[in-house]
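The values are calculated or read from the model by the stated rules, or taken from the named source; none is laboratory data. From a predicted model like this one, the values you see are computed outputs, not experimental measurements. Every residue, glycine as well, gets a Cβ built from its backbone with ideal geometry; the counts of neighbours run over all protein chains shown. We work out accessible area using only protein heavy atoms, side chains counted, and drop any ligands, DNA or RNA first. Shrake-Rupley method; radii C 1.70, N 1.55, O 1.52, S 1.80 Å.
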Amino acid sequence: AGNTNTCAQTVTVDPNPVDIEVVDLGNSCQSGETGSQTSVAWTVNKLSGVGSWTYYYEIKNGSTVVANATRTVTGSADSVNFTVNNITNTNLNYTITISGVTDDCGTTETNTANNSDTVTLFGVPDTGDIQTN
């Protein structure tokens, strides 16, 4: 019958696959006395990727998982906060590890070099022998 048809299609490839980094404000001292609490905070930044993004995190004290969650973020940064019970003369190390990062296009992160960070909280001093006048 001699019929013909043409179709044009545009394929857009994201040149910047999703990439995140985890940063903290550095090591610190536990605040207050034994039994009081200190907050540990990390910022998770999206360096590249399209739209909203999802990730899973685990916070460990040594090999023990003390917190975990999956989060969906619409902006370029997210804050993960964890509250610690202070212990006299005991340094506490908390490591956050991020995995399962994907963006709106379903692109999975391949550069995981900056997906972990450790914070040390230095122990509350033993003030039991201090006497006041």
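Would you point out which residue out of Asn93, Asn3 is without any contact (Cβ under 8 Å) to a residue 12 or more places away in the chain and out of contact with any helix residue (DSSP H, G or I) (no Cβ under 9 Å at 6 or more places or on another chain)?
Only one candidate qualifies: Asn3.
Please work out if Tyr55 is over 21 Å from Gly32 (Cβ atoms) and within 19 Å of the chain's Cα centre (by Cα).
So Tyr55 fits the description; yes.
So if I check each of Val50, Val23, Val44, which one is more than 26 Å from Thr95 (Cβ to Cβ) and open to solvent by less than 70 Å² (accessible area, probe 1.4 Å)?
Val50
Would it be correct to say that Asp78 is part of a strand (DSSP E or B), touching a strand residue (DSSP E or B) at 6+ places or on another chain (Cβ under 9 Å), open to solvent by 30 Å² or more (accessible area, probe 1.4 Å) and acidic (Asp, Glu)?
It is false that Asp78 is part of a strand (DSSP E or B), touching a strand residue (DSSP E or B) at 6+ places or on another chain (Cβ under 9 Å), open to solvent by 30 Å² or more (accessible area, probe 1.4 Å) and acidic (Asp, Glu).
For the stretch 95-122, how many residues are out of contact with any Cys (no Cβ under 7 Å at 6 or more places or on another chain), open to solvent by 20 Å² or more (accessible area, probe 1.4 Å) and either among the aliphatic types (A, V, I, L, M) or in a strand (DSSP E or B) (or both)?
Adding up the residues that qualify gives 11.
Only one of (1) aliphatic (A, V, I, L, M); (2) open to solvent by 60 Å² or more (accessible area, probe 1.4 Å); (3) part of a loop (DSSP other than H, G, I, E, B) is not met by Val65, so which one is it?
Failed condition: (3).
In the set Thr12, Thr64, which member is at pLDDT 90 or above and polar (S, T, N, Q)?
Thr64
Which of the residues that make up the stretch 1-27 are of a type in the set (Gly, Ala, Ser) and within 16 Å of Val80 (Cβ to Cβ)?
Hit for the stretch 1-27 is Gly26, nothing else.
Hey, does the stretch 88-99 have a residue that's closer than 22 Å to Asn16 by Cβ, touching a strand residue (DSSP E or B) at 6+ places or on another chain (Cβ under 8 Å) and at pLDDT 90 or above?
yes
Which of (1) in a strand (DSSP E or B); (2) modelled with pLDDT under 95; (3) surrounded by 13 or more Cβ atoms within 10 Å (Cβ to Cβ) does Ser39 not meet, given it meets every other one?
(3)
Which numbered condition in (1) closer than 30 Å to Ser31 by Cα; (2) open to solvent by 70 Å² or more (accessible area, probe 1.4 Å); (3) at pLDDT 95 or above is the only one that Thr72 fails?
Answer for Thr72: the failing condition is (1).
Inside the stretch 41-60, can you point out the residues that are in contact with an Asp or Glu (Cβ under 6 Å, 6 or more places away or on another chain) and over 26 Å from Val84 (Cβ atoms)?
Scanning the stretch 41-60 gives Leu47, Ser48, Gly49, Val50, Gly51, Ser52, Trp53.
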